[in-house]
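The values are calculated or read from the model by the stated rules, or taken from the named source; none is laboratory data. Because the structure is predicted, anything quoted here is derived from the model rather than measured. FYI the Cβ positions are ideal-geometry reconstructions off the backbone, even for glycines, and counts take in every protein chain you see.
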Amino acid sequence: MSQLDQSGAVPAAAENAAPAVSLSGERVLRVIVPLVMLAALVGLWAWYVQAYNIPKYILPSPALVAQSLVNDWPILGAALLVTLKITFAALAIALVGGVVLAVLLVQSKWIELAISPYMVILQVTPIVAIAPLILIYAPSTQVALLVCAWIVAFFPVLSNTTQGLKSTDHNLLNLFELYGASPLQTLFLLKLPAALPYFLAGLRIAGGLALIAAVVAEFAAGSAGAGSGLAFRLLESQYRLNIPRLFAALLLLCATGVAIYGATSLISHLMLRRWHESAIRREN
Amino acid sequence: MSSAVSMNAVAPSGKPIVRLEHVSKTFSNGTIALKDMSLTIGEGEFVSLLGPSGCGKSTALRIMAGLGDASTGRVEWPTMPHDASGKPEREIGFVFQEPTLMPWATVYKNVWLPLRLHGVSKAAARERVMSALEMVGLDKFADSYPRELSGGMKMRVSIARALVTRPRVLLMDEPFAALDEITRQKLNDDLLRLWEQFGWTVVFVTHSVFESVYLSSRIVVMAARPGRVIDEMEVDAPHPRGVAFRTSLEYGEFCRRASQSLLSAIGANDHL
Ligand SMILES: Nc1ncnc2c1ncn2[C@@H]1O[C@H](COP(=O)(O)OP(=O)(O)O)[C@@H](O)[C@H]1O
Ligand SMILES: [Mg+2]
């Protein structure tokens, strides 16, 4: 019966299809341009080191860094693994804890009043300043690092999810009330899905922050031995003036950061692409 | 200017299905949204609540639906079965001004929602969901997401969701106000056709004189500050109505009377 309306949907679908061609062109550019830029920078770097005869303890050539990455892989790889473990463990606990606490906060005014000031205090205090204290109280350095990374990653998840839960469409809340939905039904069928985009934004921030905090805390801890992460290897390379290795460690850290950002962005895109505005490509 | 408004109460046709008795509503910020509103709606009626914005139309509708209580006065659903707690178990469908769909759920899942909340599984709900979607002409769009639909289609989904529980009463709060004229007319026609076919009771909030005359069997005119009923008129034109009615002198005459009534409703507030 709704010929008029339905025909309206067809041009909409066609509209989506048309830009796809130019979009894939744009996508190729999006990959190629940064790659060309990277090649140019590395080339410039290699040329500069060679042309001005820069000693390797000041600025090693890209080739030397690559060589160090390969040769020192047993050490650096192990360190990377340690850092990754701390980062992801902290992130996982932050995600679960952040969501659970956010749900509690919006259920009860009392809990919110009692807890939120302390959440803010935790957030605004620089993690390097609390790290020494945590190192004293924690049973092991690993646990201390985990706690540090968790504190930092936790807050964006909590605050984003809380905001998402609070901004549920009130008409939809009315609708649920009208049909006699239980609080649990309202939570799982309405509030949590509505908060998902906010939560995912929090996840993207938390992923990067967890890595940063894991590294910063390790700097503060300055631990040594078998359980050392990338931060310790960085410091160690600096003491020993092993600058190629320092660069290699830095490179790994950067790559990890980018990978985490990419992965969280991808997860976010995949979860929202069917329905959320942020995941819709628009020409204008 | 203030004109004396003559109040022509019109008796409802059919057995009373919902009765507002001296309902007043004062919000916590002191706004008197409704003052002493009494209204009886009969089974099978199509009643429009017509009035300027802010006159308490939505508030009245929400109180009927049980979304928020009246400050004083009573709402009765005399023919509705009561549930265990003594509350009338209302067979009501509610349509908001916005489509109010869950953007993360497909059309099917949106329409399934009222049944799902009562424990009906996705498969068991299939027949009812699809027949509700068929009624609004969207059965082919069951797997679409709301954002893939036009404004009119979203509104149709919203109506299908209200119909899926097979309610006896449909409460609609300016459902088509945000749509363009052509889509709106189409939806009006479809709604009217469904109403003629199924014989629901419809309470339809609108601020459009033309819409209220075209659709209703009775128009209840409200004025603001405080929100109250100031006039009622019967639109005793036969159904089915269509272009013939919309272009008739009779229609024009009804519109003229409703407009006058609405004007005096607005005139009752000097500042407008
Ligand atoms: N939740 C609320 N809190 C305070 N005032 C409200 C609330 N809802 C509505 N009002 C006020 O009550 C009056 C009637 O509102 P409403 O029923 O929405 O009018 P209408 O639907 O006719 O436009 C308005 O003045 C509005 O500002
Ligand atoms: Mg309103």
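If you check A:L145, A:L165, A:L122 for being assigned by TED's automatic domain parsing to the domain that holds A:F199, in a helix (DSSP H, G or I) and closer than 30 Å to B:S158 by Cα, only one passes: A:L165. Filtering A:S278, A:S265 for residues that are outside any loop (DSSP other than H, G, I, E, B) and modelled with pLDDT under 90 leaves a single hit, A:S278.
The set of residues in segment B:193-216 that are more than 12 Å from chain A (Cβ to nearest Cβ), more than 16 Å from ligand 1 (Cβ to nearest atom) and of a type in the set (A, V, I, L, M, F, W, C) comprises B:W195, B:F198, B:W200, B:V202, B:F210, B:V213, B:L215. The residues in segment A:99-114 that are under 20 Å from A:A206 (Cα atoms) and surrounded by 15 or more Cβ atoms within 10 Å (Cβ to Cβ) can be counted, and the count is 5. Only a single item in (1) over 25 Å from A:A194 (Cα atoms); (2) away from chain A (no Cβ under 11 Å); (3) surrounded by 19 or more Cβ atoms within 10 Å (Cβ to Cβ) is not met by B:M130, and it is number (3). Taking segment B:55-101 as the range and being away from ligand 2 (no atom under 16 Å from the Cβ), surrounded by fewer than 20 Cβ atoms within 10 Å (Cβ to Cβ) and at pLDDT 90 or above as the test, the residues that pass are B:S71, B:T72, B:G73, B:R74, B:V75.
All conditions but one from (1) at pLDDT below 90; (2) away from ligand 1 (no atom under 15 Å from the Cβ); (3) within 14 Å of chain A (Cβ to nearest Cβ) apply to B:P12; the one that does not is (3). Scan segment B:47-58 and tell me whether some residue there is among the β-branched types (V, I, T), in contact (Cβ under 8 Å) with a residue 24 or more places away in the chain and within 14 Å of another protein chain (Cβ to nearest Cβ). No, segment B:47-58 has no match at all.
Of all residues in segment B:259-272, those satisfying the criterion of being in a helix (DSSP H, G or I) and touching a residue at least 24 places away in the same chain (Cβ under 8 Å) are B:S259, B:S261, B:L262, B:S264, B:A265, B:I266, B:G267. Listed by position, the strands (runs of 3 or more DSSP E) contained in segment B:180-258 that have at least 1 residues being within 16 Å of ligand 2 (Cβ to nearest atom), more than 13 Å from the chain's Cα centre (by Cα) and at positive phi form an empty set.
Quick grid of which residues meet (1) free of Cβ contacts under 8 Å to residues at least 24 places away in the same chain; (2) away from chain A (no Cβ under 11 Å); (3) more than 28 Å from B:R62 (Cβ to Cβ); (4) within 18 Å of the chain's Cα centre (by Cα):
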{"position": "B:F96", "(1), (2), (3), (4)": "no, no, no, yes"}
{"position": "B:P99", "(1), (2), (3), (4)": "no, no, no, yes"}
{"position": "B:V107", "(1), (2), (3), (4)": "no, yes, no, no"}
{"position": "B:W112", "(1), (2), (3), (4)": "no, no, no, no"}
{"position": "B:A124", "(1), (2), (3), (4)": "yes, yes, yes, no"}
{"position": "B:L149", "(1), (2), (3), (4)": "no, no, no, no"}
{"position": "B:M155", "(1), (2), (3), (4)": "no, no, no, yes"}
{"position": "B:S158", "(1), (2), (3), (4)": "no, no, no, yes"}
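If you check A:A129, A:A153 for being under 23 Å from the mean Cα position of the chain (by Cα), in the same structural domain as A:E218 (by TED's automatic domain parsing), modelled with pLDDT under 90 and of a type in the set (G, A, S), only one passes: A:A129.
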